[in-house]
Amino acid sequence: MLYRISVFWARIELWAAGLLALVVTVLILLNVVTRTAGNALFWVDELAIYAMVWMTFLGASAALHHRSAVSITVLRDAVSAPAKQVIDKCVDVIVFAFAVAMLWYCWRWFLPLDIAQSGFDTAVFQGQTFNFIYAEPTLTLGMPKYVFWLVMWLFALGATLHSAMHLFGKRPTA
């Protein structure tokens, strides 16, 4: 069951990352055309950067599912098959611990219960917590930055799911 959920989520992540790669390409081309025409759209750069950040985090999470993340395998390549399994399990434990830590840091950063307890009033929330995450706007888009930072939650949840699948799940046979 955990494997199927991980497969499903990785497909969504890869699809979204692919769509965002297209968005980045279109935004960069739009930027080139508008600058060439002498009428640059100043917000395009920032939106392209945020789209690229989202693409990267979603792709990184999917890479954890597929075990295709960048890695150094000098030690793993030099040991026997049983030792490789031990190394792989140790890596799974480390990645799982990192993913759970990311969830905890996201929780501490966004403080979802605190913002809910303040009635989603950012001024009250800021006064109680001295956390200004919900009030900081982007430079050119004028949108709250936390909207773009939500990808951290998606990455942490995806990484936790995929690493838990590798650590505790069983791949279906056949």
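Among helices (runs of 4 or more DSSP H) entirely within segment 97-168, having at least 3 residues that are without any contact (Cβ under 8 Å) to a residue 40 or more places away in the chain singles out 112-117, 122-129, 145-149.
Set side by side, the residues LYS84, LYS89 differ, and just one is at pLDDT below 95 and either surrounded by 13 or more Cβ atoms within 10 Å (Cβ to Cβ) or within 21 Å of LEU154 (Cα to Cα) (or both), which is LYS84. For segment 58-85, the set of residues classified as touching a residue at least 40 places away in the same chain (Cβ under 8 Å) and on the phi < 0 side of the Ramachandran plot consists of LEU58, GLY59, ALA60, SER61, ALA62, LEU64, HIS65, HIS66, listed by residue number.
Conditions (1) of a type in the set (Val, Ile, Thr); (2) at pLDDT 95 or above; (3) closer than 30 Å to ILE87 by Cα, marked per residue:
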{"residue": "PHE125", "(1), (2), (3)": "no, yes, no"}
{"residue": "TYR134", "(1), (2), (3)": "no, yes, no"}
{"residue": "THR138", "(1), (2), (3)": "yes, yes, no"}
{"residue": "TYR146", "(1), (2), (3)": "no, yes, no"}
{"residue": "LEU150", "(1), (2), (3)": "no, yes, no"}
{"residue": "LEU157", "(1), (2), (3)": "no, yes, yes"}
{"residue": "GLY169", "(1), (2), (3)": "no, no, yes"}
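Do you know which residues across segment 122-138 are surrounded by fewer than 14 Cβ atoms within 10 Å (Cβ to Cβ), of a type outside the set (Asp, Glu) and within 22 Å of the chain's Cα centre (by Cα)? Selection gives PHE132, ALA135, PRO137. In this structure, GLY59 qualifies as of a type in the set (Gly, Ala, Ser) and in contact with an Asp or Glu (Cβ under 8 Å, 6 or more places away or on another chain).
Looking at segment 107-121, can you tell me whether even one residue there is more than 28 Å from LEU47 (Cβ to Cβ), surrounded by 11 or more Cβ atoms within 10 Å (Cβ to Cβ) and within 21 Å of the chain's Cα centre (by Cα)? No, because not a single residue in segment 107-121 is more than 28 Å from LEU47 (Cβ to Cβ), surrounded by 11 or more Cβ atoms within 10 Å (Cβ to Cβ) and within 21 Å of the chain's Cα centre (by Cα).
Summed over segment 39-57, the residues that are surrounded by 16 or more Cβ atoms within 10 Å (Cβ to Cβ) and free of Cβ contacts under 8 Å to residues at least 24 places away in the same chain give a count of 1. Here VAL79, VAL86, VAL95, VAL74 are screened, and the one residue that is among the β-branched types (Val, Ile, Thr) and under 23 Å from the mean Cα position of the chain (by Cα) is VAL95. Could you grab me the full set of residues in segment 58-81 that are surrounded by 13 or more Cβ atoms within 10 Å (Cβ to Cβ) and over 16 Å from ALA159 (Cβ atoms)? Across segment 58-81, the qualifying residue is only ARG76. Could you check, for segment 47-55, whether at least one of its residues is at pLDDT 95 or above, in contact with a helix residue (DSSP H, G or I) (Cβ under 8 Å, 6 or more places away or on another chain) and over 18 Å from ALA156 (Cα atoms)? Yes, segment 47-55 has at least one match.
The values are calculated or read from the model by the stated rules, or taken from the named source; none is laboratory data. In this text the structure is predicted, and so the values were computed from the model without any measurement. So basically every Cβ, Gly included, is an ideal-geometry build from the backbone, and we count neighbours across all protein chains shown.
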